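A.B. asks: Attaching a single structure in C-alpha cells format; questions to follow.
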Amino acid sequence: MRTAMLRSMLSRRSSRGFSSSAAPERKVVVLGAAGGIGQPLSLLMKLNPLVSTLSLYDIVGTPGVAADVSHINTRSKVTGYAGEDQLGKALEGCDVVIIPAGVPRKPGMTRDDLFNINAGIVKSLSTAIAKYCPHAIVNMISNPVNSTVPIAAEVFKKAGTYDEKKLFGVTTLDVVRAKTFYAGKANVNVAEVNVPVVGGHAGITILPLFSQATPTANFSAEDIKALTKRTQDGGTEVVEAKAGKGSATLSMAYAGALFADACLKGLNGVPDVVECSFVQSTVTELPFFASKVRLGKNGVEEVFGLGSLSDFEKEGLEALKPELKSSIEKGIKFANAN
Ligand code: NAI
C-alpha cells in the first residue's frame with residue numbers, strides 16, 4: 001500500500017518535472033544579431049523558454065553580443081558566430097532562422113531604396129540556409145520584405161529545398177502598430193484588440209482591415225482613413241523621429257520575437273496559432289500576399305482568406321496590387337539574374 005502510494009507520488013512528481021522541461025529542443029538563429037534589431041531581438045529570444053539553443057550570427061560584433069546575452073539565466077545556450085566562415089556552424093540544425101540583416105532606412109528613403117544592398121545580403125544568406133538548414137522555418141525581416149521573400153523563395157527553388165510553408169515575411173510590426181493606434185483612438189484595452197493586416201509590408205501595400213477589428217468601435221470614415229494612413233506610415237514616423245539614426249528597432253524586435261514565438265509554438269504542436277504574415281498565397285492573383293495564417297508543425301498549415309471588406313478596404317486592395325506585384329517581380333528577377 002505504502003509502496004504503491006510512494007510510486008504514484010514519484011510518478012506524479014516526475015511527470016510534473018518532465019512537463020516543465022518538456023519543451024522540445026529548438027535551435028533558433030538570428031542573422032544580423034549585432035544590429036539595431038538584432039541585439040534586442042537576441043535578448044528577447046534568450047528570454048523565450050521554447051528556445052534551447054540560440055545562435056547569434058553577424059559579419060562583425062557577435063562575440064560581444066553573445067557573451068552579454070549568454071549571462072542571462074534562462075534555458076537556452078548561446079553561441080556567437082562572426083564572419084562568413086562561421087555561417088554554416090551558426091545555421092546547422094536550426095529550426096527557426098530570423099533574418100534582420102541589412103541596412104535600414106534613413107529619412108526620405110522608401111523600403112525599396114534598400115533593395116540594392118539588402119537583396120544581395122538576403123540572397124547570400126538564403127543560399128547558406130538552403131545548404132546548412134534546408135528544413136528550417138525562415139522569418140524574413142530584412143526590407144524590402146515584398147521583394148526579399150520572393151528572392152529567398154527563388155534561391156530555395158534553385159537549390160531544390162523550397163517549402164512554401166516555411167518561408168515567412170514578418171509583417172507583425174504592422175499588426176502591432178494597427179492594434180496600438182486603434183486601441184488608443186477607441187480608448188479600449190490594447191491587450192484585447194485584434195486587427196488583421198493584409199497585403200505587403202511597404203506604404204500602401206500595408207492594408208489594415210479595421211472593419212474586422214475587435215472590439216468594434218464606432219469610427220467615422222475619416223477616422224478609419226487616418227488610422228490606416230498612420231499604420232501604413234508607422235515605419236516612416238520612426239525613421240523621421242530617429243533623424244538618420246535608423247528605423248524601428250525596439251518595436252521591431254518585439255514584433256519579431258512575437259512572430260518567432262508563434263512559429264515555435266506551431267512547431268511544438270500548440271493548436272490555433274494564428275498570425276498575419278507575407279507568404280506564398282492564392283488569396284489574390286499575386287504569388288505572395290500577407291494575410292492571416294495558421295501555424296503548425298509544418299509551418300503554414302492554412303492560409304486564411306480576406307473575409308468581408310469595406311468599400312474603403314476593397315479600394316485599398318486594388319490600389320496596392322500593382323506596387324506589390326512589381327516588388328515581387330523585382331525580387332524574382334534579381335534572384336534569377338545574379
Ligand atoms: P542595422 O544596420 O542596425 O543592423 C543590421 C545588421 O545586419 C548589422 O549588424 C550588420 O552588420 C548586419 N549584416 C549586414 N550584412 C550582413 C550579412 N551578410 N550577414 C549577416 N549580418 C549582416 O539595421 P536594423 O535597424 O537592425 O534593420 C535591419 C533590417 O530590418 C533592415 O533591412 C530594415 O529595413 C529591416 N526592418 C524591417 C522591419 C519589418 O517590419 N519587417 C521593421 C524595421 C526594420
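The values are calculated or read from the model by the stated rules, or taken from the named source; none is laboratory data. Since we're looking at a predicted model, the values are computed, not measured. Reconstructed Cβ throughout: ideal geometry from the backbone, glycine too, with neighbour counts over all protein chains shown.
A.B. asks: Is it the case that some residue within the stretch 97-112 is part of a helix (DSSP H, G or I), modelled with pLDDT of 95 or more and surrounded by 17 or more Cβ atoms within 10 Å (Cβ to Cβ)? If you could, list the steps in order and put the result at the bottom.
C.D. replies: Within the stretch 97-112, the first condition is being part of a helix (DSSP H, G or I), and the residues that meet it are 111-112.
Retained after the next criterion (residues that are modelled with pLDDT of 95 or more): none.
Within the stretch 97-112 (the criterion being part of a helix (DSSP H, G or I), modelled with pLDDT of 95 or more and surrounded by 17 or more Cβ atoms within 10 Å (Cβ to Cβ)), the answer is no, since none of the residues qualifies.
A.B. asks: Let me ask you something else. If I filter the stretch 16-29 for residues that are of a type in the set (G, A, S) and within 13 Å of the ligand (Cβ to nearest atom), do I get at least one hit?
C.D. replies: no
A.B. asks: Moving to a separate point now. Pick out the one residue from L295, L286 that is assigned to a loop (DSSP other than H, G, I, E, B) and either in contact (Cβ under 8 Å) with a residue 60 or more places away in the chain or not assigned by TED's automatic domain parsing to the domain that holds I117 (or both).
C.D. replies: L286
A.B. asks: Now for a separate question. D261 is checked against (1) under 19 Å from V30 (Cβ atoms); (2) surrounded by fewer than 19 Cβ atoms within 10 Å (Cβ to Cβ); (3) of a type in the set (D, E, K, R) and fails just one. What number does that condition carry?
C.D. replies: It fails just one condition, (2).
A.B. asks: Pairs needed: first member in the stretch 47-62, more than 16 Å from the ligand (Cβ to nearest atom); second member anywhere, acidic (D, E) and at pLDDT 95 or above; C-beta distance under 7 Å; at least 6 residues apart or different chains.
C.D. replies: Pairs that qualify, where the first residue is more than 16 Å from the ligand (Cβ to nearest atom) and the partner is acidic (D, E) and at pLDDT 95 or above, are N48/D261; L50/D261; S52/E25.
A.B. asks: Against the definition (farther than 24 Å from V96 by Cα, loosely packed, with under 15 Cβ neighbours inside 10 Å and in the same structural domain as V300 (by TED's automatic domain parsing)), how does G234 come out, yes or no?
C.D. replies: No.
A.B. asks: Can I ask one more? Take the residues of the stretch 239-257 that are away from the ligand (no atom under 11 Å from the Cβ) and either farther than 16 Å from D174 by Cβ or in the same structural domain as V28 (by TED's automatic domain parsing) (or both): which is surrounded by the most Cβ atoms within 10 Å (Cβ to Cβ)?
C.D. replies: Of everything passing the filter in the stretch 239-257, E240 is surrounded by the most Cβ atoms within 10 Å (Cβ to Cβ).
A.B. asks: Looking only at the stretch 218-231, filter to residues that are free of Cβ contacts under 8 Å to residues at least 40 places away in the same chain and among the polar types (S, T, N, Q); which one of those is surrounded by the most Cβ atoms within 10 Å (Cβ to Cβ)?
C.D. replies: Step by step, filter the stretch 218-231, then rank; the result is S220.
A.B. asks: Where in the stretch 19-91 are the helices (runs of 4 or more DSSP H), entirely inside, with at least 3 residues that are β-branched (V, I, T)?
C.D. replies: The helices (runs of 4 or more DSSP H) meeting that bar are 62-70.
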